[in-house]
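**Student:** I have a structure here, written as structure tokens, and I will follow up with some questions on it.
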Number of protein chains: 2
Amino acid sequence: MERALIGKISEYEGKEALIKGRVFNIRNLGNIVFLVVQDYTGTIQVVVDKSIEVKTGDAVFITGLVKKDARAKSGCEMKGEKVEVVSKNIEELPIDLSKDDLNLNLVTLLDYRTLSLRHPKVQAIFKLYDLLLKSYERAMRECDFTEIKTPKILGSATEGGANFFKVKYFDKEATLAQSPQFYKQMMVGVFERVFEVGSVFRAEPHFTTRHVNEYIGLDAEMGYINDLYDVTKTLNIVLKKMFEEIKKDGQSYLDLYNIELPEVLDEIPCIKLAEIKKIIKEEYEYEIPEGADIDPHGEELAGKYAKDKFNSDFIFITHYPWSDRPFYTMPCKDNPEETCGFDLLYKGLEIASGGQRIHQYDELVANMKKKGVRAEGMESYVDTFKYAIPPHGGWGMGSERIIKQMLNLESIKEAILFPRDVKRLIP
Amino acid sequence: MERALIGKISEYEGKEALIKGRVFNIRNLGNIVFLVVQDYTGTIQVVVDKSIEVKTGDAVFITGLVKKDARAKSGCEMKGEKVEVVSKNIEELPIDLSKDDLNLNLVTLLDYRTLSLRHPKVQAIFKLYDLLLKSYERAMRECDFTEIKTPKILGSATEGGANFFKVKYFDKEATLAQSPQFYKQMMVGVFERVFEVGSVFRAEPHFTTRHVNEYIGLDAEMGYINDLYDVTKTLNIVLKKMFEEIKKDGQSYLDLYNIELPEVLDEIPCIKLAEIKKIIKEEYEYEIPEGADIDPHGEELAGKYAKDKFNSDFIFITHYPWSDRPFYTMPCKDNPEETCGFDLLYKGLEIASGGQRIHQYDELVANMKKKGVRAEGMESYVDTFKYAIPPHGGWGMGSERIIKQMLNLESIKEAILFPRDVKRLIP
């Protein structure tokens, strides 16, 4: 007999069906036993004889008659005639999945990851993450971007600095990609518009609620732009499409967190860094520390301002100082102390960083020199700019941060199936 | 003025338009100069005055009148009035892009990757790769699979053996994922059906036309199966959908390689290894070496047999010996010397490997012991099987091998933007 999916069980009303799933719960009423059986499409109540040996958590195949039951969510219940336990729980679950909230501390939640994920509310995070990946890919293709995959083992560090992991690569030493930055820029010269969904590795020793050492970056780069606003406008369009799709297909998961996703504005507010610093001081009497581009509390207040003033969950902050942005960022024509770089905040947390890049070879080489960046190992990147790379820009976006902010999760690690931090390599 | 895409230039007939793109070719006829300008949507001929300074390869913005021209592919040509060179070629291109075929050796092709990719025939490979990624993701979602992303830095090697890269992870030693095998199996207990598109790292010292050390794996795992044929049938459905979509959207790229993609059969032939060995001996008088599961020449002949006998580019070979398959592969009930493992060949090359896995804890532990696999570092994987993981199976598929076979490329490295092999870390 073909498997009947529980979510479509009403199609089998009055007929025999075979369901396959996990026993989520058991209620024993003496002579009669009720099993709640769950598959990936839904749950159903199955009445079975008390003689049947089955335990919570077991994986079962059940054949039986499907009957109408107005009280049931699926509209039906099943009279289980044949119950086959195809995989047995051989140990008591160490956590209680039957509560509405797991209420585990982060360490326990992650240590028991393969079990805590069985909880509907935890699982919902990753059903939304699945939608996020889907909607990004679709939005990017609708905007004519070509998907690329670039190497993660590199001959030399992309972004420089000390925040890279070393790999022993046969008899050579290599590093793990801190971003697909160089590759996506080089590919603008070929495909004009490219995007990548891929692993990003950062050897940052931070142990915070918003950092991890491995994450999935949603990257993009586009050519023939006029200025950085061509990039922010495109990201705005992409976000709008993504949130529409997530809202459409993910409401049942959002409901578990009481989230009503607002529409992304057609024009997300876009404010210069110098400007927002002034505003934060005036509106909230908070002075962003000297030297810092903007500190986490300043970001929060910028997010608050966007919400209060524009009713927007998002805000672009632009024109970060030259000293704070990487060497490939385009300096402003009218003020070389500022760059055409931007950050995108979502509810007061940076979720994306981007900008216009330098596309002229001479300018790039000069800026590297000025920044003290060694050209060694970067020849193939730098040389590409001898061959007329068009004006371009792009972004790198942290996929997990979007989900963290969307659901107001305490830590980004809750939004990653198996997060990696300074202390955690397992599971 | 808004940018006009060259692919849609006929909409601007009789009007002024602004195009942005690269000068692909120049024909100088004395007083008059013809530029062939290319953007990511097409090419157009632009007539400009001889006084305009522009070189092949330059990135330009051109404003001008669009006129009907029946001889042109786009149906139009442009009279260029204002030509702005926004990025200049400052060095002669080291390779000639104007020929129908580049005819470069593999080393040169890859050394000049960012330029050789500008050639339409080379670029076509990655437009098809883009379609491959798109079609896999869509087919998997249509089959109810949830997309997951699993970590690539691991506390211990997934598949064991010596073929893993070591990473210095703060004060610990870690390894790069040889596959998402453990994680996708664990996630069957949560989502039932999962897929992942992600980086795979193999420290194999082979230097061949079908191996690289980093590639993109198209992985999947599904629960509540009856046997391995539930897995091969699902992969069959997925391949059929993928090839239909690639054929539909990619014909112009396939044409450059004179490829007519045949339909994937509803039932790809599925033959046991022992059987295909006999057939190859009888039909082609080739004896597969003792001990080897099947050697590359044997695979080629199995592919030839599938084509000759079933008119199929694909063939599943099943029931590989226990000694050749990893410890998590389900042994056959009727013959424990054989497993429920399979390979999928495309035109005689293995492109996927999969099978049914062991889902019972005791059986898994016993098989690890029998294989001499150390349980150390695998506890969180092995322990998951105490909690009723349903019968399941899946596959790992090499994305780049599919494209290699589809286009009959000589080396898999031609199907990777920036391949990694024993000798190559750059670009």
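**Student:** Run down A:F145, A:F191 and say which single residue is at the interface with chain B (Cβ under 7 Å from one of its Cβ atoms) and within 30 Å of B:K20 (Cα to Cα).
**Tutor:** Working: A:F145 fails: at the interface with chain B (Cβ under 7 Å from one of its Cβ atoms).
Just a single option satisfies the conditions, and that option is A:F191.
**Student:** Among A:L97, A:L35, A:L18, which is at pLDDT below 90 and open to solvent by less than 30 Å² (accessible area, probe 1.4 Å)?
**Tutor:** The match here is A:L97.
**Student:** Moving on. Based on what the data block shows, is A:T175 within 27 Å of B:K423 (Cβ to Cβ), in contact (Cβ under 8 Å) with a residue 12 or more places away in the chain and among the hydroxyl-bearing types (S, T, Y)?
**Tutor:** yes
**Student:** Just a yes or no: is a residue in region B:223-230 within 14 Å of B:A352 (Cβ to Cβ), part of a helix (DSSP H, G or I) and hydrophobic (A, V, I, L, M, F, W, C)?
**Tutor:** yes
**Student:** Now a separate question. Among B:Y40, B:Y136, B:Y112, which is the only one that is open to solvent by less than 50 Å² (accessible area, probe 1.4 Å) and among the aromatic types (F, W, Y)?
**Tutor:** B:Y136
**Student:** Hey, another quick one. Could you list all residues from region A:109-134 that are outside any helix (DSSP H, G or I) and at the interface with another protein chain (Cβ under 7 Å from one of its Cβ atoms)?
**Tutor:** Across region A:109-134, the qualifying residues are A:L117, A:R118.
**Student:** Out of everything in region B:358-390 that is assigned to a loop (DSSP other than H, G, I, E, B), open to solvent by 10 Å² or more (accessible area, probe 1.4 Å) and more than 11 Å from B:Y328 (Cβ to Cβ), what residue ends up being nearest to the other protein chains (Cβ to nearest Cβ)? Can you show your working first?
**Tutor:** To start, the set of residues in region B:358-390 that are assigned to a loop (DSSP other than H, G, I, E, B) comprises B:358-360, B:372-378, B:385-386, B:388-390.
Going one step further and asking which of them are open to solvent by 10 Å² or more (accessible area, probe 1.4 Å), we end up with B:359-360, B:372-378, B:386.
Remaining after also requiring more than 11 Å from B:Y328 (Cβ to Cβ): B:360, B:372, B:374-377, B:386.
Details: B:Q360: 7, B:G372: 22, B:R374: 15, B:A375: 13, B:E376: 12, B:G377: 8, B:K386: 4 Å.
The selected residue is B:K386.
**Student:** Which condition does A:K172 not pass, out of (1) at the interface with chain B (Cβ under 7 Å from one of its Cβ atoms); (2) within 22 Å of the chain's Cα centre (by Cα), if it passes all the others?
**Tutor:** Result: A:K172 passes all but (2).
**Student:** Just checking, how many residues over region B:301-354 are under 26 Å from the mean Cα position of the chain (by Cα) and of a type in the set (K, R)?
**Tutor:** 4
**Student:** Moving to a separate point now. If you go through region A:258-292 one residue at a time, how many are free of Cβ contacts under 8 Å to residues at least 24 places away in the same chain, exposed (fewer than 13 other Cβ atoms within 10 Å of the Cβ) and more than 22 Å from A:E338 (Cα to Cα)?
**Tutor:** 5
**Student:** Taking into account only those residues within region A:82-92 that are in contact with a Ser or Thr (Cβ under 9 Å, 6 or more places away or on another chain) and surrounded by 17 or more Cβ atoms within 10 Å (Cβ to Cβ), which is nearest to A:D58 (Cα to Cα)? Break it down into steps so the answer makes sense when it comes.
**Tutor:** Of the residues in region A:82-92, the ones in contact with a Ser or Thr (Cβ under 9 Å, 6 or more places away or on another chain) are A:82-84, A:89.
Retained after the next criterion (residues that are surrounded by 17 or more Cβ atoms within 10 Å (Cβ to Cβ)): A:83, A:89.
Working: A:V83: 11, A:N89: 5 Å.
Filtering first and then ranking leaves A:N89.
**Student:** Quick one: would you say A:V47 is in contact with a His (Cβ under 9 Å, 6 or more places away or on another chain) and surrounded by 13 or more Cβ atoms within 10 Å (Cβ to Cβ)?
**Tutor:** no
**Student:** So, one more: Any chance region A:200-210 includes a residue that's without any contact (Cβ under 8 Å) to a residue 24 or more places away in the chain, closer than 23 Å to A:E376 by Cβ and touching a Leu at 6+ places or on another chain (Cβ under 6 Å)?
**Tutor:** no
**Student:** Based on this model, can you work out whether B:Y346 counts as more than 11 Å from chain A (Cβ to nearest Cβ) and either in contact with a helix residue (DSSP H, G or I) (Cβ under 6 Å, 6 or more places away or on another chain) or open to solvent by less than 10 Å² (accessible area, probe 1.4 Å) (or both)?
**Tutor:** Answer is yes for this residue.
**Student:** Identify all residues within region B:398-411 that are buried (at least 23 other Cβ atoms within 10 Å of the Cβ) and either among the hydroxyl-bearing types (S, T, Y) or out of contact with any Phe, Trp or Tyr (no Cβ under 7 Å at 6 or more places or on another chain) (or both); write none if there are none.
**Tutor:** B:K404, B:M406
**Student:** Next up: Here are the criteria: (1) more than 14 Å from every other protein chain (Cβ to nearest Cβ); (2) surrounded by fewer than 19 Cβ atoms within 10 Å (Cβ to Cβ); (3) assigned to a strand (DSSP E or B). Tell me which single one B:K73 does not satisfy.
**Tutor:** (3) is the only condition that B:K73 fails.
**Student:** With the structure loaded, tell me whether B:K278 is of a type in the set (K, R) and out of contact with any Leu (no Cβ under 9 Å at 6 or more places or on another chain) or whether it fails that test.
**Tutor:** So B:K278 passes the test.
**Student:** Could you tell me how many of the residues in region A:148-168 are in contact with a Ser or Thr (Cβ under 9 Å, 6 or more places away or on another chain) and either under 24 Å from B:A203 (Cα atoms) or facing chain B (nearest Cβ under 7 Å) (or both)?
**Tutor:** Residues that pass the stated criteria total 13.
To keep it simple, each residue is scored yes or no on (1) surrounded by fewer than 21 Cβ atoms within 10 Å (Cβ to Cβ); (2) within 30 Å of B:K168 (Cα to Cα); (3) at pLDDT 95 or above.
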site: A:L106; (1), (2), (3): yes, yes, yes
site: A:P120; (1), (2), (3): yes, no, no
site: A:M140; (1), (2), (3): no, no, yes
site: A:C143; (1), (2), (3): yes, no, yes
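**Student:** Let me ask something else about it. Any chance region B:197-218 includes a residue that's outside any loop (DSSP other than H, G, I, E, B), open to solvent by less than 10 Å² (accessible area, probe 1.4 Å), among the acidic types (D, E) and in contact with a strand residue (DSSP E or B) (Cβ under 8 Å, 6 or more places away or on another chain)?
**Tutor:** Scanning region B:197-218, I find no residue that is outside any loop (DSSP other than H, G, I, E, B), open to solvent by less than 10 Å² (accessible area, probe 1.4 Å), among the acidic types (D, E) and in contact with a strand residue (DSSP E or B) (Cβ under 8 Å, 6 or more places away or on another chain), so the answer is no.
The values are calculated or read from the model by the stated rules, or taken from the named source; none is laboratory data. Values in this document were obtained by computation on a predicted structure and should not be read as measured data. As a convention, Cβ positions derive from the backbone with ideal geometry for all residues, glycine included, and neighbour counts pool all protein chains shown. All accessible areas refer to the heavy atoms of the entire protein, side chains included, with ligands and DNA or RNA removed. Shrake-Rupley method; radii C 1.70, N 1.55, O 1.52, S 1.80 Å.
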